[in-house]
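Below you'll find the structure, written out as structure tokens, and then a few comments.
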Amino acid sequence: MNEVLLESTITCPACGCRKEETMPLDACVWIYECEYCKTVTRPKVGDCCVYCSYGTIRCPPMQRAGSCCSHQ
């Protein structure tokens, strides 16, 4: 089994601000607020969470199983 990575750099789609965040191991993050511009971001259609849409690493459930809580 491959190692699950928890650090992902998320990029705000509104202002382009990038921030390294620690993802939860067993949950999806459906809402993310940019610390800089305060834009509230949700996942793109077809993605389970904001990390899968705007992060450098997909969320831990997707890394492990290729499926996530929103697809069950």
Please give the number of the condition Thr9 fails out of (1) within 12 Å of the chain's Cα centre (by Cα); (2) part of a helix (DSSP H, G or I).
(2)
Count of residues meeting criterion [surrounded by 11 or more Cβ atoms within 10 Å (Cβ to Cβ), in a loop (DSSP other than H, G, I, E, B) and modelled with pLDDT of 95 or more] in region 24-40
4
Where residues in region 41-72 are of a type in the set (A, V, I, L, M) and surrounded by fewer than 11 Cβ atoms within 10 Å (Cβ to Cβ), which of them is modelled with the highest pLDDT?
Val45
I need a count of the residues in region 9-23 that are more than 12 Å from Cys59 (Cβ to Cβ) and either surrounded by 11 or more Cβ atoms within 10 Å (Cβ to Cβ) or touching a residue at least 60 places away in the same chain (Cβ under 8 Å) (or both).
9
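The values are calculated or read from the model by the stated rules, or taken from the named source; none is laboratory data. The model shown is predicted, which means the values in this text are computed figures rather than measured ones. A quick note on method: Cβ atoms are made from the backbone with ideal geometry, for glycine too, and the neighbour counts reach across all protein chains shown.
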